[in-house]
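The values are calculated or read from the model by the stated rules, or taken from the named source; none is laboratory data. Please read these numbers as outputs of a predicted model, since none were measured by experiment. For neighbour counting, all protein chains shown are included, and Cβ atoms are generated from backbone atoms with ideal geometry for every residue, glycine included. The accessibility values were calculated without ligands, DNA or RNA, using every heavy atom of the protein model including side chains. Shrake-Rupley method; radii C 1.70, N 1.55, O 1.52, S 1.80 Å.
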Amino acid sequence: MPRQSVGDFKYHVGISSLTQIASREDRVCVLNILGGESSDVTPVSHAYSGGNVVFGTAPGKGGQTLPTPIGNVPVYNSVKEGLEAGHRFNCGVVYLPPAAARDGVAELIRVNSDLRKVFIITEKIAVHDAREIRAMGQANRVDIFGANGLGVADSWNQVRIGGALGGDNPGDTLRRGSIAIFSNSGGFSTTIAQYLRMAGWGTTTVISSGKDVYIHYAAPEFAFALANDARSKAAVLYCEPGGYYELDAHFTKPVVACVVGRWKSKLTRAVGHAGAMAGGSDDALAKERWFMDKFGVDGIFTPDQPVFSSRGAVVTNIAHIPAALTAVMRANATMPDFEPEGSLALKPWFGSDQGLALPPELALPVVAAVAPYNEQIALLNRQIGCTVPRQALKDASGASQMDPTTQVSSLHGVSMLQAAQYPLEANVGLALLHEAGGEIDRQLINVAVAAFVNLRGMPELAAAQASREAGNAPNAVLAAAASIVGPKRQEAARRAARLMIERFAAAGLADAFDEGFDLARVDRDGAESLTAAQSDPRAEAMLAGLKARGIRSVFVRWLAALGNPTADAVLAAITTSMAWGPLMRKRISRLTAESLPWWMQLFGTLIGASADASRHEADRFCGFTTQAMLTELSLTEIGYAALFGRVPTVNDLFAFQTLIGLLLTNGPGAISAQGAKGAVSADGPESPERVQLNKALMGFLTHTGYTHGGNGYEGIAFLMEQFRDSGLADPASRAHGLDLKALAARAVDQYAAYKSRQKHVGSLDIAKLPGVNHPVFKDKPVNHDPREVFIAELFERRGETNVFHAFYRELVQALFDAGVSRNVYCVNVDAVIAALLLKLLWQPLQRGEIGERDLETAAFTIFLYPRMLGCAAEIDDHLNRGRNMDTRTVASQCRFVA
């Protein structure tokens, strides 16, 4: 007999009540039963439903079985083969790929006259195929559910057909009650059921409708079946933009409709599921209005403004569903199905405020986790520092990245424009502690690095000076010094840091500057290695520096109480003090914290080696006394003096720190970063104790040169040529008296004549003006490099003038006015760097205190200072995260050229 349709639908609907959606009498065949998703989900469904899956298909795998908790499910090559084996079913579940879903449904319908329902889990089925599936279902009077759904479940019958509704333990989530759920989202179907259970509401039938363009079993069919289900007193609908199904649904029982996706209305194309186009009449706002009209309400239900009627309520946040449902049902004189099982409030098992002072509503208390998670969390909390998974880091980094749109790089989430506003010592902290830190952290870094800047009588200085006198570039000079600072030079300090980290973590220290911390709690066993019979002058000098700066660290107090600490122990106490906060917040690893003494000596050594040997005197460096460097000076001041040979002004320091911040990193693809990462990769970061930090810094240094690093001089040389006979006295003076437009016009005339000569002789090798134009910031009528704009505005707010920067802005306009460029080029960040550096050195240059060779050296070295920090961050990241030899290029990707 032909199957009868129900209701007044103009198309076939065979289900008259929700009780018929998923029953204990249903028997199921699963297509692609051994696929990845089905093999995980089907065994759970089968066991929960009391064994409702009779067989599955997997072409070419007939004869295999799918293990389940209540027995194996047989697998056949085809549906016909399973039927011929004597199995009978009325429900089909489709896990096939999108291109095969239509044929799978056709096979189910063609060979099985008993078929009544098909549940399609597959997503992204072509619209044409969906139409054919719809037509086949209608012609053969088969109800289709999906596609792109998670099937159905019935809490009363304890049956699940299709996907993972209710999760891995559906019995825990799907508690018997009086509320039906119809949801466009499979995942939220389960979430809503959980939320309702917490508020005392159980479920009847849960339907994951899917959200492909065709929703085969949609809201109108659901509303009809809901009306005929005596178990279901109300329903919850979860609706996303797209489609008019909800508009056509006629509800006779209370409904809470959760409409989401307002943000999609701002988009110009469909997103996720079958989201509505911008401006469509089926977007989220439209659906909200449909339901408001159905329920007779004029607003959205929220806990603060509970708008509802006895017919229903509209919410836009799933967390508000339970409260809205309870309010609606109370208006219908209906109480929850059972006592609420809990609260929906967040109950974090662990948390970290990262040192932020959070308001009470965000500072959620940590609660004890249930077993066995409580034991796992206890182990995690005892872990010192973070541990990151290892992975191949060729052309990749967990430290730096560049925004391809703005061309602004960032280091540990801090943009170089922000870093340009930090002093040098703060950027040391950013590179290795993953945060710029506060004033105390910066003072600790000042002391730790300054202790190693004066290299008088040290082999590091002898090596650097020999390299310098041999005519080497600054990178080779610094590499010579770095080669001396090998693993043994800081072995004792790193051992001391390791011991302190272990002992103070065991003693429960939370704050490295807690003056009330009881030092007696710290185990002193093995601490004799931290002291010496006689006082150590370097140790005493560092301790005096800390005292003068007002630093009272728990580690330093503990060390001083032991007797005469060694310089290595004091250095370890300083670095562990600065690392303790990030270590406890799991911002950095223990390996990073233990490596800090080595880094501090390396930084101090390279800054010191950048100055000629003649500037390293007994108890003095570049005019500063050792005492002053340790007790009062900043690393920014010391670095400036090492580079320029003079005491800086306030404006000098600001320009210097701006240059440092701008040049910290250019992302992991920069040649300098590649050299540093390659050195770590070659040593083998999976055995981190074998990685030589000094060698890795040498890898960075050998991968800089006159084109990458020293190229900053090109812009300086260009500016010097333009201003050579200008009579400029002070480039920082607004009253400089120069006609910058005329200077720019002259430069353009010279460049235009040069281009004409080159073309006349047939040469294609035409040099570009340094500091002008950029491959990303182009093609607009007037172009700007956002980095240049930021720096210009930064100095403008300080009331500072830079004639060279102003000249560059006149130059790009003059190029356009003269027809040399088709639009107004941008002034790029390289021009900014050249202008800043020349501004610092113009007056000494004019006085003859330095020559052009010194200027070129300074331009190269000022690149090396910040990039040393950026590459240290890459080295540390690769040390913690990388794999052995992961930066190599496989042979198949290499080319031979002839």
> Once Rh is set to the Kirkwood radius over Cα pairs, what Stokes-Einstein translational diffusion coefficient, in µm²/s, holds for segment 3-58 at a temperature of 10 °C and a viscosity of 1.306 mPa s?
Replying inline: 120 µm²/s
>> Calculate the FRET efficiency for Ala466 and Ala818 from the Cβ-Cβ distance with a Förster distance of 60 Å, rounded to the nearest 0.05.
In response: 0.75
>> To check you understand DSSP bridge types, tell me what percent of the beta bridges within the chain (both residues inside) are antiparallel, rounded to 5.
In response: 35 percent
> Helix-derived [θ] at 222 nm for the chain: sum -39500 (n - 2.57) over DSSP H runs of at least 4, divide by residue count, nearest 500?
Replying inline: -13500 deg cm²/dmol
> With +1 on each Lys and Arg Cβ and -1 on each Asp and Glu Cβ, how big is the dipole of segment 596-671 about its Cα centre, in debye rounded to the nearest 20?
Replying inline: 120 debye
>> Loop only by DSSP, 15 or fewer other Cβ within 10 Å of the Cβ. Give me the GluC sites (Glu not before Pro) in segment 490-578 that pass, ordered by residue number.
In response: Glu515
> Quick one: if you stick a label point 7 Å off each Cα along the C-beta vector at Ala510 and Arg757, how many nm between them?
Replying inline: 7.3 nm
> Across 5 Å bins from 0, what is the distribution of all Cα-Cα pair distances for segment 500-621, in whole percents?
Replying inline: 2, 10, 19, 22, 20, 14, 7, 4, 2, 1
>> Taking loop as defined by DSSP and a crowding limit of 16 other beta carbons within 10 Å, which trypsin sites (Lys or Arg not before Pro) in segment 674-753 fit?
In response: Arg724, Arg734
> Going through segment 831-874, which trypsin sites (Lys or Arg not before Pro) have at most 13 other Cβ atoms within 10 Å and a DSSP loop state?
Replying inline: Arg847
> Once the Cβ-Cβ distance between Arg524 and Ser733 is put in as r, and R0 is 45 Å, what FRET efficiency do you end up with, to the nearest 0.05?
Replying inline: 0.15
> Under a point-charge model restricted to the Cβ atoms of Lys and Arg (+1) and Asp and Glu (-1), what is the dipole moment magnitude of segment 814-898 relative to its Cα centre, in debye to the nearest 20?
Replying inline: 300 debye
> Working out 0.36 nm times the residue gap between Arg456 and Gln383, then minus their Cα-Cα distance, what length gain in nm do you get to one decimal?
Replying inline: 22.1 nm
>> Per residue of segment 373-384, what does 6.51 cos²θ - 1.76 cosθ + 1.60 with θ = phi - 60° give for ³J(HN,Hα)? Whole Hz please, x for Gly and Pro, Karplus curve as stated.
In response: 5, 4, 5, 5, 5, 4, 5, 4, 5, 7, 5, 8
> Considering the dipole of segment 326-430 built from charges on the beta carbon (Lys and Arg +1, Asp and Glu -1) around the Cα centre, which of Val428, Ala357, Thr405 is farthest to its positive end?
Replying inline: Val428
> How far apart, in nm, are the 7 Å Cα→Cβ label points at Thr702 and Gln421?
Replying inline: 4.0 nm
> Roughly speaking, what is the stretch gain from Arg798 to Thr302, that is 0.36 nm per residue apart minus the C-alpha to C-alpha distance, in nm to one decimal?
Replying inline: 173.7 nm
>> Rounded to the nearest percent, how much of the accessible area of the chain (1.4 Å probe, protein heavy atoms only) is carbon and sulfur?
In response: 51 percent
> Per q in 0.15 1/Å, what log10 I(q)/I(0) does a Debye calculation on the alpha-carbon atoms of segment 579-626 return?
Replying inline: -0.56
> So how tilted is helix 127-139 from the main axis of the chain? Cα-based, degrees 0 to 90, rounded to 10.
Replying inline: 10 degrees
>> Given R₀ = 60 Å, what would the calculated FRET efficiency be for Arg330 paired with Glu689, taking r from the Cβ atoms and rounding to 0.05?
In response: 0.35
> Considering only protein heavy atoms, what per residue accessible area in square angstrom results for segment 1-82 with a 1.4 angstrom probe?
Replying inline: 45 Å²
>> Using the Cα centre of segment 700-850 as origin and beta-carbon charges of +1 (Lys, Arg) and -1 (Asp, Glu), tell me which of Leu794, Pro731, Gly771 is placed farthest towards the positive end of the dipole.
In response: Gly771
> Quick one: if you take sqrt(5λ) for each eigenvalue of the C-alpha gyration tensor of segment 699-790, what semi-axes come out, biggest first, whole angstrom?
Replying inline: 24, 22, 17
>> If I histogram all Cα-Cα distances within the chain using bins 10 Å wide from 0, what percent of pairs lands in each bin?
In response: 2, 10, 15, 15, 13, 14, 14, 11, 5, 1, 0
> Any idea which of Ser672, Asn694, Gly639 is furthest toward the positive side of the dipole for segment 631-698, if Lys and Arg beta-carbons carry +1 and Asp and Glu beta-carbons -1?
Replying inline: Ser672
>> Skipping prolines and chain starts, which residues have an amide H placed within reach, meaning under 5 Å, of the one on Glu617, given they are 5 or more residues away or on another chain?
In response: Cys622
> If Lys and Arg each add +1 and Asp and Glu each add -1, what is the summed charge of the other residues whose beta carbon sits under 14 Å from the beta carbon of Ala331?
Replying inline: +4
> Relative to the first principal axis of the alpha-carbon coordinates of the chain, what is the inclination of helix 459-469, with its axis defined by its Cα atoms, in degrees from 0 to 90 and to the nearest 10?
Replying inline: 70 degrees
>> Sort 79-85, 367-373, 312-318 by packing, meaning the average of other beta carbons within 10 Å per residue, with the highest value first.
In response: 312-318, 79-85, 367-373
> What length, rounded to one decimal in nm, is gained on full extension from Lys780 through to Val370, with 0.36 nm per residue of separation minus their alpha-carbon distance?
Replying inline: 141.6 nm
> Treating the beta-carbon of each Lys and Arg as +1 and of each Asp and Glu as -1, no other charges, what is the dipole magnitude of the chain about its Cα centre, to the nearest 20 debye?
Replying inline: 1400 debye
